[in-house]
Amino acid sequence: MSHLLEVRNLSKSFGGLQATKDVSFTLDEGEIVGLIGPNGAGKTTLVNLITGVLSPSAGSIVFRGRDVSRQRPWQAARSGLARTFQIVQPFPQMTVLENVAAGALFAGAASSRAQAEREAMEHLEFVGLADQALRPATALTLPSRKRLELAKSLAMKPKLLLLDEVNAGLNTAEIDKALALMRTIAARGITILLIEHLMKVVTSLSTRVLVLHHGELISQGAPQAVLEDPKVVEAYLGSKFAARLAAQAQETGVEHV
Ligand SMILES: Nc1ncnc2c1ncn2[C@@H]1O[C@H](COP(=O)(O)OP(=O)(O)OP(=O)(O)O)[C@@H](O)[C@H]1O
């Protein structure tokens, strides 16, 4: 069986810095795969490579049987790849509804503005933002902006959704809602790659976990096995990152990695 996504020996350098080093993995249809690693491990770079924001220095990306290593972001969107951004930046001059409709039009998922807006409303209902549809996007709170980001990427009708820290900054109740949403998205047949620092989210959603450290894939497999992998434990315990997140976990009552 061919994989939905095949990342082969992918590397990306920024000058002398190798942000991604010889990374290889596959994703199959219907999976929810967690992508974890300390700050600066290369997670966002990997998502940027898969979605055409960056071009690889070496290696290739095959999506639905086609080499997409060099495609532009709009081509990636049209090929069935959608992503959320870690730093949520809606189009400020547009309403919430128009932001979501713009996602559909960008990805070629709607053929007219009317269709895009009709479908945008359905996605806003799905994420619980329908009552905010006509407000300026800038008026939304952070949790609502995260849901707007999700609605916008769903409007692109993706086959693979790459979620970059969609739960960061949310409280426990908001995270529980987000977990339910992600499960429903997966049940609709959308494969999910989830960049996440919150252990509760990673372990309760992921069928598999990938761990990046200094740009290298140091471990992958079932969540529990990966978290007990000595290489993973060492990578976290050795970093300042672990201490910072342990402090955060005490504050929020949510366990982080
Ligand atoms: N456009 C860029 N130019 C130069 N260096 C970059 C660029 N983008 C990322 N980097 C560097 O590449 C490395 C990996 O960064 P990346 O943002 O992919 O890590 P990350 O795992 O997503 O981190 P975080 O959890 O903090 O978001 C870091 O050292 C970062 O400073």
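Computed from point charges on the beta carbon alone (+1 for Lys and Arg, -1 for Asp and Glu), the dipole magnitude for region 91-157 about its Cα centre is near 160 Debye. Using a cut-off of 27 Å between Cα atoms, the listed pairs Lys200/Lys231; Lys146/Lys231; Lys157/Lys231 include Lys146/Lys231; Lys157/Lys231 as exceeding that distance.
Here the sum of -39500 (n - 2.57) over DSSP H runs of 4 or more residues, divided by the residues of the chain, equals -12000 deg cm²/dmol at 222 nm, to the nearest 500. Note on Gln224 and Arg113: the model spin-label points, each 7 Å out from Cα along the C-beta direction, lie 5.5 nm apart. Of the residues Leu134, Leu148, Ala101, the one whose Cα sits farthest toward the positive end of the charge dipole of region 91-157, with +1 on the Cβ of Lys and Arg and -1 on the Cβ of Asp and Glu, is Leu148.
Here the contact order of the chain, divided by its residue count and restricted to Cα pairs under 8 Å and six or more residues apart, works out to 24 percent. With the convex hull drawn around the C-alpha atoms of region 91-157, the volume per residue stands at 66 Å³. Over all orientations, the chain has a Cα convex hull whose mean projected area works out to 13.6 square nanometres.
A simple spin-label model places the labels of Gln75 and Phe91 2.3 nm from each other, with each point 7 Å out along Cα-to-Cβ. Between Glu119, Glu196, Glu228, the residue with the greatest mean-square fluctuation in the GNM of the chain (Cα pairs under 10 Å linked by springs) is Glu228.
Shown in residue order for region 6-21 are the 3J(HN,Hα) couplings computed by the Karplus curve 6.51 cos²θ - 1.76 cosθ + 1.60 at θ = phi - 60°: 10, 9, 10, 6, 7, 10, 9, 10, 10, x, x, 8, 8, 6, 9, 10 Hz (x for Gly and Pro).
Every number in this text was worked out from the coordinates using simple rules, so none of it is lab data. In this text the structure is predicted, and so the values were computed from the model without any measurement. Every residue, glycine as well, gets a Cβ built from its backbone with ideal geometry; the counts of neighbours run over all protein chains shown.
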